[in-house]
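Structure record follows, encoded as structure tokens.
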Amino acid sequence: MSRERAHVYVSGRVQGVYFRATTRDTAREAGVDGWVRNLDDGRVEAVFEGEPDDVDAMIEFCHEGSSRADVTDVEVREEDPEGLDGFDVRW
């Protein structure tokens, strides 16, 4: 079972629009581990670890986000998996 890790930064109207909660719920349903949080500069930062297809699906999700979000950019950095377990919203 190969795992990959993506560190993602999402720009646009992504805070105060249920982006983090929707990301958490979507990741848990997909069996993807990691976390999501708001940044002071208005972006959302997330880390996804899991099967490559599942991580790719979460990156695709970030291009749309929650129904009230307006995503303008998604920056993705591939990293080595750290063995995260579960998916949380960080503060």
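Residue-wise test of (1) farther than 16 Å from Arg90 by Cα; (2) buried (at least 23 other Cβ atoms within 10 Å of the Cβ); (3) not aliphatic (A, V, I, L, M).
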site	(1), (2), (3)
Ala27	no, yes, no
Val36	no, yes, no
Gly42	no, no, yes
Asp54	yes, no, yes
Phe61	yes, no, yes
Ser66	yes, no, yes
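Taking segment 9-22 as the range and being surrounded by fewer than 16 Cβ atoms within 10 Å (Cβ to Cβ) and in a helix (DSSP H, G or I) as the test, only Ala21 passes. When restricted to residues that are within 11 Å of Ser66 (Cβ to Cβ) and among the acidic types (Asp, Glu), segment 1-42 contains 1. Any chance you could count how many residues in segment 52-67 are touching a helix residue (DSSP H, G or I) at 6+ places or on another chain (Cβ under 6 Å) and either of a type in the set (Ser, Thr, Tyr) or more than 19 Å from Arg3 (Cα to Cα) (or both)? So the count comes out to 2. Taking the stated definitions as given, is Ala6 within 10 Å of the chain's Cα centre (by Cα), part of a strand (DSSP E or B) and of a type in the set (Gly, Ala, Ser)? Judged against the criteria, Ala6 is a match.
Contact map, segment 1-16: residues that are within 28 Å of Gly83 (Cβ to Cβ) and free of Cβ contacts under 8 Å to residues at least 60 places away in the same chain paired with residues that are of a type in the set (Asp, Glu) and in a loop (DSSP other than H, G, I, E, B), Cβ distance under 9 Å, separation 6+ or inter-chain. Pairs shown: Met1/Glu51; Ser2/Glu51.
A Cβ distance below 6 Å, combined with a sequence gap of six or more or placement on separate chains, defines the contacts here; from segment 50-76, residues that are touching a residue at least 40 places away in the same chain (Cβ under 8 Å) reach residues that are part of a helix (DSSP H, G or I) and small (Gly, Ala, Ser) in the pairs Met58/Ala27. The residues on offer are Asp73, Asp88, Asp80, and the sole one that is within 11 Å of Ala27 (Cα to Cα) and either among the acidic types (Asp, Glu) or touching a Pro at 6+ places or on another chain (Cβ under 6 Å) (or both) is Asp88.
Being without any contact (Cβ under 8 Å) to a residue 40 or more places away in the chain, out of contact with any His (no Cβ under 9 Å at 6 or more places or on another chain) and of a type in the set (Ser, Thr, Tyr) holds for only one residue in Thr22, Thr26, and it is Thr26.
Does Phe87 satisfy being over 14 Å from Arg3 (Cα atoms) and either surrounded by fewer than 11 Cβ atoms within 10 Å (Cβ to Cβ) or in contact (Cβ under 8 Å) with a residue 60 or more places away in the chain (or both)? Yes, satisfied. Any residue that is farther than 14 Å from His7 by Cα and in a loop (DSSP other than H, G, I, E, B) - is there at least one of those in segment 73-81? Taking every residue of segment 73-81 in turn, none turns out to be farther than 14 Å from His7 by Cα and in a loop (DSSP other than H, G, I, E, B).
Values in this text are rule-based calculations from the coordinates and carry no lab data. Given the structure is predicted, the values throughout are model-derived calculations rather than measurements. Note that each Cβ is placed from the backbone with ideal geometry, even for glycine, and that neighbours are counted across all protein chains shown.
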